[in-house]
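Undergrad: Below: one structure in structure tokens.
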Amino acid sequence: MPLIDVHQHVIPDIYKKELATVGVMGSGENLWPAWSLQRQLELMDENGIDAVLLSIASPGAYFGDVDFTKRLVKLCNETMMAMVADNPGKFGAMGFVSLPDVEAACRDVEYALDVLKMDGINLMSHTGPRYLGDPEENELYAELDRRRAVIFVHPQRPHASGMPRFFHPAGYTELVFDTTRAITNMLYTGMLEKYPNIRWIMPHMGGVAPFLLFRLSGIEDDPKARDKVPAGVRTYLSRFWYDVAQSPSPLALNALLEIAEPSRILFGTDYPSARPAEKVMKDTVAAVKAFDFDEALRRKINSENAQALLPRFAKLS
């Protein structure tokens, strides 16, 4: 059966060059990992990965200057689609948008999906002052809902101040926590009920949201929010798609299977952002292969779920 990876990144030279002009030399505390398109293709062959959904993702496209963001978004989206065109059958791509400018982001959606024919949109867990679900972004969500768009969410480290110091790299904890904050905000603001047609891919098995089901279900009894989740928190969580990138331990996979629909679990590796990147890719393939899925579910996770969600990959066999 084919293997489709919905969580791989690219780091084009144009992206690094543009970010260098605003003093950004990597993502979070890390400098850019080694990456080339040629090596990415070689690793796909070495690990039996037939197709990849590309995104640029962290650290995003907004660094305080919306005009810079608008220009960068167009450059990045066109660069990714050139990679798709040059490697038919190998790649799909998710497009950036110019948040926090909601009007510009809506125009980006039109260009990305209608003109470039991208596979969906990449939204960060938060952009500028707003987490996903913020009512100020409702115009964008309404447009994505109208289109039944596929949205790949990716976290980034929050710009928290005044926190006690810790000594570990923030990527070990803050990325999965930020995905969880975004999901909780989406529940609490009612946007998942209001815009039910958006098809969300949550990275890293949804952060720690599946583990927090009992606690998050308290929203159903919260007088400020219970009307926002009339179907119940478990129902909304079950409507997400989840990739297994950087998460496929037996403990985590069993937790995910408690909350996720079998048709909504996707394979992913987080290459090259995971460290050490090539080892994590190899280990992820091995971990998913070793887990005791029944054969039907294994086919779904390896390829069938991605093919149902992403028409570009539907004919892959």
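Undergrad: Report M163's accessible area, 1.4 Å probe, all protein chains in place, as a number in Å² to the nearest 10.
TA: Around 100 Å² of this residue is reachable by solvent.
Undergrad: To continue, here is another question. Roughly how many percent of the accessible protein surface of the stretch 173-317 is carbon and sulfur, given a 1.4 Å probe and a whole-percent answer? If you can, show how the numbers build up before the last one.
TA: Working: 3550 of 6650 Å².
Its accessible area is 53 percent carbon and sulfur atoms.
Undergrad: On average, how much accessible surface per residue is there in the stretch 137-259, in Å², for a 1.4 Å probe, leaving out ligands, DNA and RNA? It would help to have the intermediate numbers written out before the result.
TA: Values: 5970 Å² over 123 residues.
Per-residue accessible area for the stretch 137-259 comes out at 49 Å².
Undergrad: Ignoring ligands, DNA and RNA, please state the percent of accessible area on the stretch 1-134 from carbon and sulfur, probe 1.4 Å. Walk me through the numbers on the way to the answer.
TA: Values: 2640 of 5060 Å².
On the stretch 1-134, the fraction of accessible area on carbon and sulfur atoms equals 52 percent.
Undergrad: With a/c under 1.5 counting as rounded, go ahead and sort the stretch 181-261 into rounded, prolate or oblate using the C-alpha gyration tensor (a ≥ b ≥ c being the square roots of the eigenvalues; past the cut-off, prolate if a/b is larger than b/c, else oblate).
TA: Numbers: a/c = 2.27, a/b = 1.62, b/c = 1.40.
It is prolate, given that a/c is not under 1.5 and a/b is the larger ratio.
Undergrad: Ignoring ligands, DNA and RNA, how do W241, W32, W200 rank by accessible area with a 1.4 Å probe, largest first?
TA: Values: W241 30, W32 55, W200 5 Å².
Solvent-accessible surface, decreasing: W32, W241, W200.
Undergrad: Report the FRET efficiency, 1/(1 + (r/R0)^6), for E78 and E42, where r is their Cβ-Cβ distance and R0 is 35 Å, rounded to 0.05. Walk me through the numbers before you get to the answer.
TA: Numbers: r = 25 Å, r/R0 = 0.71.
Between E78 and E42 the formula returns 0.90.
Undergrad: Under a 1.4 angstrom probe, counting protein chains only, how are C106, C76 ranked by accessible area, largest first? Before the final figure, lay out the partial values.
TA: Values: C106 25, C76 0 Å².
Putting C106, C76 in descending order of accessible area: C106, C76.
Undergrad: Pick the calculated Rg/Rh (Cα atoms, Kirkwood Rh) for this structure from [x] 1.03; [y] 0.93; [z] 1.37?
TA: [y]
Undergrad: Can you work out the Karplus-derived ³J(HN,Hα) for every residue in the stretch 163-168? Use 6.51 cos²θ - 1.76 cosθ + 1.60 with θ = phi - 60°, whole Hz, and x for glycine or proline.
TA: Ordered by residue, 3J(HN,Hα) equals 7, x, 6, 9, 9, 7 Hz.
Undergrad: Listed here are the pairs K16/K90; K74/K289; K279/K315; K74/K315; K224/K289; K282/K315; which of them are more than 32 Å apart at the Cα? Numbers along the way, then the final one.
TA: Numbers: K16/K90 23 Å; K74/K289 38 Å; K279/K315 29 Å; K74/K315 29 Å; K224/K289 44 Å; K282/K315 25 Å.
Over 32 Å apart, Cα to Cα: K74/K289; K224/K289.
Undergrad: Out of all DSSP beta bridges in the chain, what portion is antiparallel? Express it as a percent rounded to 5. Spell out each step's value before the answer.
TA: Working: 4 of 25 bridges.
Restricted to the chain, the bridges split so that about 15 percent are antiparallel.
The values are calculated or read from the model by the stated rules, or taken from the named source; none is laboratory data. None of the values given here were measured: they were computed from a predicted structure. Cβ atoms come from the backbone with ideal geometry, glycine included; neighbour counts cover every protein chain shown. These accessible areas exclude ligands, DNA and RNA; they are computed on the full protein's heavy atoms, side chains included. Shrake-Rupley method; radii C 1.70, N 1.55, O 1.52, S 1.80 Å.
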